[in-house]
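Here the structure comes first, spelled out in structure tokens, and everything after it is commentary.
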Amino acid sequence: MARAGAGAPGGHADGPLPRHADRPLPRHADRPLPGRTMPAPGRTITARGAPRAPVRDAPFPPVRDAPPPPVRRAAPAPLARAAPAPATRAAPAPVRPTASARPTPTPAPRGEQRARSTRPVGAFPDPPPVRSHGPARVLAVCNQKGGVGKTTTAINLGAALAETGRRVLLVDLDPQGALSVGLGINAMELERTVYDLMTSRDAGVHDVRISTEVAGLDLLPANIDLSAADVELVGEVAREHTLARVLAPVLPEYDQVLIDCQPSLGPLTVNALTAAHGVLVPLECEYFALRGVALLMQTIEKVRERLNPGLAVEGILATLYDGRTVHSREVLARVVETFGDQVFATVVQRTVRFPETTVAGEPITTYDSASGGAAAYRQLARELLAR
Ligand SMILES: Nc1ncnc2c1ncn2[C@@H]1O[C@H](COP(=O)(O)OP(=O)(O)OP(=O)(O)O)[C@@H](O)[C@H]1O
Ligand SMILES: [Mg+2]
């Protein structure tokens, strides 16, 4: 779907990528990270279609010979799930070259943690109620790295948005069908899926769409059939626009469409980026978090330039954060340092509740409504709507 908007010129290469650090880094998780090459100041990526300079695929900025950035310590989070505070981002604190000794890791309570934050909790207002629906804003939840929380984010952000009264359509664009499974749908039993929608003129989006247990949350399901779509679309005219074309008839009915992408930058993902207004990038808070992000950004730029001028980076979401480890805090601080305001203030904690929800086949907002995980995605929904 072509959209009006400022394109972003230049900066991306069709040729081979710069020699980025796709080589293994030393394993020393809970120690200060050694110096690494990072994008120079000013080479940050800006949101919403603004011109940007390419980001090399360096994993971390140089670290001075100092302890990890001190992160403001909040009071230990209560373990009770009754009133979990929304997770918020720890802003990068200045690094003070003090003692050479390693800092004592912050003793933190077990279980779910709150990310430390310099922002006031609850900074995002409740969104106003909606009286009419549509046209939908389409977001692709995308990162070619596997297991970073794309599907978890699509399901739970979608459910949290639906709780605010928004009408939400989730699109499973991964042949693994995890989005469908995560919502308790056995897509193997369905007659029609996204595969039919994209490859056959006989199936319309209204035929494929199904409603979920969550009010206001609908799904376009997928199963392994979708893995054949890549090949079948090869001969199509404007094949990159296929998803945009088939989604167009339902956009007026929804406020938000979330597309769950597969962990690759192949044709299906390009279709998602072409159909989207924005990209939400979940980034796992672990050592190699930034590996491959440059490639993703280059792909986004190419799609913006050639297929979808209005495509923006909606935001980067830190996921699988474990505030008990220096390592996780350090990675988060560096993600913020690298991407600045593009990083959502909301941080999703690592908690066993999420795998449990997959087994249960429902979002965390209904599975454990009072949990920290549910609070995080509700806050993300508010943050998204406030942007
Ligand atoms: N915040 C979290 N805490 C703990 N586990 C999580 C969290 N988010 C996701 N998970 C779990 O991590 C695994 C991978 O998550 P998910 O499927 O959402 O990632 P993905 O990026 O969609 O993966 P893929 O690239 O394979 O599609 C799942 O088992 C999920 O339940
Ligand atoms: Mg997934």
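Quick note: the coordinates plus some simple rules give every number you see, no bench work behind them. None of these values were measured; they are calculated from a predicted model. Note that we place each Cβ from the backbone using ideal geometry, even for glycine, and neighbour counts take in every protein chain shown.
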Amide H contacts under 5 Å for Val257, placed H, 5+ residues apart:
Arg137, Val138, Leu139, Leu169
Ratio of alpha-carbon Rg to the 2.2 N^0.38 Å globular estimate for the range 238-325, to two decimals, please.
1.20
Can you give me the long-range amide H partners of Gln349? Hydrogens built in the peptide plane at 1.01 Å from N, cutoff under 5 Å, separation of 5 or more residues or another chain.
Tyr321
Reported to two decimal places, what Rg/Rh ratio describes the range 130-386 when computed on Cα atoms with Rh from the Kirkwood expression?
0.94
With a Förster distance of 51 angstrom and the Cβ-Cβ distance between Ser211 and Asp341, calculated FRET efficiency to the nearest 0.05 equals 0.90
Sort 296-307, 183-194 for me by packing, meaning the mean count of neighbouring Cβ atoms within 10 Å per residue, highest on top.
296-307, 183-194
When averaged across all projection directions, what area in nm² does the alpha-carbon convex hull of the range 170-316 cover?
9.2
